[in-house]
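Visitor: Next up is a structure, given as C-alpha cells.
What follows is calculated from the coordinates using simple rules that are stated; it is not laboratory data. All values derive from a computational prediction rather than experimental measurement. Using ideal geometry, Cβ is built from the backbone for each residue, glycine included, and neighbour counts are taken over all protein chains shown.
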Amino acid sequence: MILMKDIIREGHPTLTKVAQPVKMPVTLEDRNIAFSLLQYVMNSQDDEIAEKYGLRPGVGLAAPQINVSKRMFAMHVYDVDGELYSMIVVNPKINSRSSDMVFLNGGEGCLSVDRKTDGITPRHKSISFEAYIFDIKSNSFVLSHGTLSGYPATVFQHEYDHLDGIMYTTKLYVDIPNAKPLFEEEELM
Ligand code: ZN
C-alpha cells in the first residue's frame, strides 16, 4: 500500500520528466501499480484509514508521483452533484478541450507539494479523452472514450499534466481573464 513516504515531492526529477506509455496489454506489475494508486486515493478519503496511516487526503494520484515514470493515474472524486468519478486511467489522450476556462476556487493542491501555494490554475471547463480505463465487469483495461466537465475535468487535467512532467506550481496566476471559478459561493458553504 502506498504511504506518504512513497510519494515523491517537488524537486524530484521524475516529476518533471515526460512519462513513458504503458506497454499493452497491461502487465500484472503495472496493473498492481495502477490499482495501488486508486487504493491510495480511496484510503486517503477514509478518515479512519487516513488517520491510522497518516495519509494526506487527495482526489488523484499519478504514477510519476510514486517515482514510476509511466502514463497512468487514478482519480476518485465526487462532483458537486454528488456523482462519483472513480477511474484508473492508462495511456490517456485528451482529444479536445473546450475554449471555456475555469479554475478551482482557492487554487489547486498536490500530494507532491508540501507547501501552501498562492494563485489559481487555468483548466479547460470540459475535455474529451480516450484512455484504457479499468473495467470491473471484464476485469481488464478497456479502450474507452469519455467526456468530463467541471471539477472531475480539472482533476483529470491536473493528473494528465503529471504524465507530461508538468506541475501545477508552474501554472499559478493571480488572476485569469475570462476564466470562471468552478464552484459558486453557495456550493462551497
Ligand atoms: Zn498533483
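Visitor: Within the stretch 100-139, which residues are free of Cβ contacts under 8 Å to residues at least 12 places away in the same chain and within 30 Å of L28 (Cα to Cα)?
Guide: Residues satisfying the conditions are D135, I136, K137, S138, N139.
Visitor: If I go through the stretch 35-86 residue by residue, how many of them are in contact with a His (Cβ under 9 Å, 6 or more places away or on another chain), outside any loop (DSSP other than H, G, I, E, B) and among the β-branched types (V, I, T)?
Guide: Residues that pass the stated criteria total 1.
Visitor: Among the aliphatic types (A, V, I, L, M) and within 15 Å of the chain's Cα centre (by Cα): does that describe M101? Please lay out each step first, then the result.
Guide: Numbers: among the aliphatic types (A, V, I, L, M): yes; within 15 Å of the chain's Cα centre (by Cα): no.
Spelling it out, it is not the case that M101 is among the aliphatic types (A, V, I, L, M) and within 15 Å of the chain's Cα centre (by Cα).
Visitor: Identify the residue in the stretch 134-156 that is β-branched (V, I, T) and closer than 20 Å to L61 by Cβ and, among all such residues, is nearest to the ligand (Cβ to nearest atom).
Guide: Here the residue is V155.
Visitor: Return the residue satisfying two criteria in turn: it lies in the stretch 64-98 and is within 14 Å of H158 (Cβ to Cβ) and of a type in the set (A, V, I, L, M, F, W, C), and of such residues it is farthest from the chain's Cα centre (by Cα).
Guide: Applying the filter and picking the extreme gives I94.
Visitor: Follow-up question, since we're still on this one. Return the residues of the stretch 7-19 that are more than 17 Å from the chain's Cα centre (by Cα) and either closer than 16 Å to Y132 by Cβ or part of a helix (DSSP H, G or I) (or both); say none if nothing qualifies.
Guide: The first filter runs over the stretch 7-19 and keeps only residues more than 17 Å from the chain's Cα centre (by Cα), leaving 11-13.
The one that is more than 17 Å from the chain's Cα centre (by Cα) and either closer than 16 Å to Y132 by Cβ or part of a helix (DSSP H, G or I) (or both): P13.
Visitor: Does the stretch 104-133 hold any residues that are assigned to a loop (DSSP other than H, G, I, E, B) and either hydroxyl-bearing (S, T, Y) or more than 16 Å from the ligand (Cβ to nearest atom) (or both), and which are they?
Guide: The initial filter retains those residues of the stretch 104-133 that are assigned to a loop (DSSP other than H, G, I, E, B), namely 104-119, 121-122, 125.
Answer for the stretch 104-133, where residues must be assigned to a loop (DSSP other than H, G, I, E, B) and either hydroxyl-bearing (S, T, Y) or more than 16 Å from the ligand (Cβ to nearest atom) (or both): N105, S112, T117, D118, T121, K125.
Visitor: Can you run down the residue pairs with Cβ atoms below 7 Å, 6 or more apart or on separate chains, where the first is in the stretch 1-18 and free of Cβ contacts under 8 Å to residues at least 40 places away in the same chain and the partner is β-branched (V, I, T) and assigned to a loop (DSSP other than H, G, I, E, B)?
Guide: none
Visitor: Another question about this same structure. Within the stretch 107-122, can you find the residues that are within 16 Å of V59 (Cα to Cα) and either over 15 Å from the mean Cα position of the chain (by Cα) or among the charged types (D, E, K, R) (or both)?
Guide: Kept after step one, since they are within 16 Å of V59 (Cα to Cα), are these residues of the stretch 107-122: 107-114.
Of everything in the stretch 107-122, those that are within 16 Å of V59 (Cα to Cα) and either over 15 Å from the mean Cα position of the chain (by Cα) or among the charged types (D, E, K, R) (or both) turn out to be E108, D114.
Visitor: If you go through the stretch 157-174 one residue at a time, how many are buried (at least 16 other Cβ atoms within 10 Å of the Cβ), part of a loop (DSSP other than H, G, I, E, B) and more than 9 Å from the ligand (Cβ to nearest atom)?
Guide: So the answer is 3.
Visitor: Can you name the condition, by its number, that Q45 falls short on among (1) away from the ligand (no atom under 15 Å from the Cβ); (2) exposed (fewer than 13 other Cβ atoms within 10 Å of the Cβ); (3) more than 16 Å from F156 (Cα to Cα)?
Guide: The number of the failed condition is (2).
Visitor: Within 14 Å of the ligand (Cβ to nearest atom) and either part of a strand (DSSP E or B) or in contact with a Cys (Cβ under 7 Å, 6 or more places away or on another chain) (or both), is that true of V90? Write out each step before concluding.
Guide: Details: within 14 Å of the ligand (Cβ to nearest atom): no; either part of a strand (DSSP E or B) or in contact with a Cys (Cβ under 7 Å, 6 or more places away or on another chain) (or both): yes.
For V90, the condition - within 14 Å of the ligand (Cβ to nearest atom) and either part of a strand (DSSP E or B) or in contact with a Cys (Cβ under 7 Å, 6 or more places away or on another chain) (or both) - is not met.
Visitor: Right, next: Pick out the one residue from I66, I120 that is within 18 Å of I2 (Cβ to Cβ), crowded, with 16+ Cβ neighbours inside 10 Å and of a type in the set (V, I, T).
Guide: On inspection, the qualifying residue turns out to be I66.
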